[in-house]
Amino acid sequence: REIHVVTRRRTPEIDAAAATGRVIVHLHTDFLDYAPLASMLAETDAVYWALGTSAFNVSDDEYSAIHVDYPVRFVTAWLAARGRTAPLSFHLVSGGGASSDSWFHWAREKARAERTLFELASGSGLRVVSHRPGGVLREGARAQWYTAPFW
């Protein structure tokens, strides 16, 4: 019925979607505290989690917080707001190469996030789906410099 976008900043694409009347935008900056979103979470059945950054942009500790702590805290708050028996679906955009045996910190952390979310979901009525794209290409004005090497 509705699409809720939880974001730290508005973009022209988000504003265009909101203008359709079907998308509700929630500006949110503390991704470790979802209490302000509890009433919305209580009515939410499916989540597509695509929050993240490149390991080149942040320290290992920041990367762990963004890719593990943020989604785990979100799912914990969502289950508390929704109730553990509701049929729910959480779609995590993880990463190709995620593995707890990897030499790379980012790959180990992606795998840790998946494992932790699967454990949280056990017996709760929550279905966790992990999508592992090999890469995500940008669109729009910033895409040319980023995508050119791939073509």
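The values are calculated or read from the model by the stated rules, or taken from the named source; none is laboratory data. Owing to the predicted nature of the structure, the values given are computational and were not obtained by experimental measurement. Using ideal geometry, Cβ is built from the backbone for each residue, glycine included, and neighbour counts are taken over all protein chains shown. Areas reflect the complete protein model, heavy atoms only, side chains present, ligands, DNA and RNA absent. Shrake-Rupley method; radii C 1.70, N 1.55, O 1.52, S 1.80 Å.
In µm²/s, what is D for region 12-79 at 25 °C and 0.890 mPa s, where D = kT/(6 pi eta Rh) by Stokes-Einstein and Rh is the Kirkwood radius from Cα pairs? This corresponds to a translational diffusion coefficient of 179 µm²/s. Each label was represented as a point 7 Å from its Cα along the Cα-to-Cβ direction; for residue 17 and residue 32 these points are 2.7 nm apart.
Please compute the per residue accessible area over region 1-50 with all protein chains in place, 1.4 Å probe, rounded to a whole number of Å².
With the other protein chains kept in place, region 1-50 gives 68 Å² per residue.
For residue 90, the residues 5 or more places off, or on other chains, whose built amide H falls under 5 Å of its own are 47, 127, 128, 129. Computed log10 I(q)/I(0) for the chain at 0.11, 0.15, 0.18 Å⁻¹: -0.48, -0.89, -1.23, from the Debye equation with unit scatterers placed on every C-alpha and solvent omitted. Free of any trypsin sites (Lys or Arg not before Pro) that DSSP assigns to a loop and that have at most 14 other C-beta atoms within 10 Å, the longest stretch within the chain is 23-83.
Result for the chain in a Gaussian network model with C-alpha springs under 10 Å: among 121, 113, 17, the largest mean-square fluctuation is at 17.
Excluding the site residues themselves, the longest part of the chain lacking any GluC sites (Glu not before Pro) in a DSSP loop with at most 11 other Cβ atoms within 10 Å is 44-138. Placing +1 on the Cβ of every Lys and Arg and -1 on the Cβ of every Asp and Glu, with nothing else charged, gives the chain a dipole about its Cα centre of roughly 280 debye. Under the combined filter of DSSP loop state and at most 13 neighbouring Cβ atoms within 10 Å, region 1-104 retains these chymotrypsin sites (Phe, Trp or Tyr not before Pro): 56, 103, 104.
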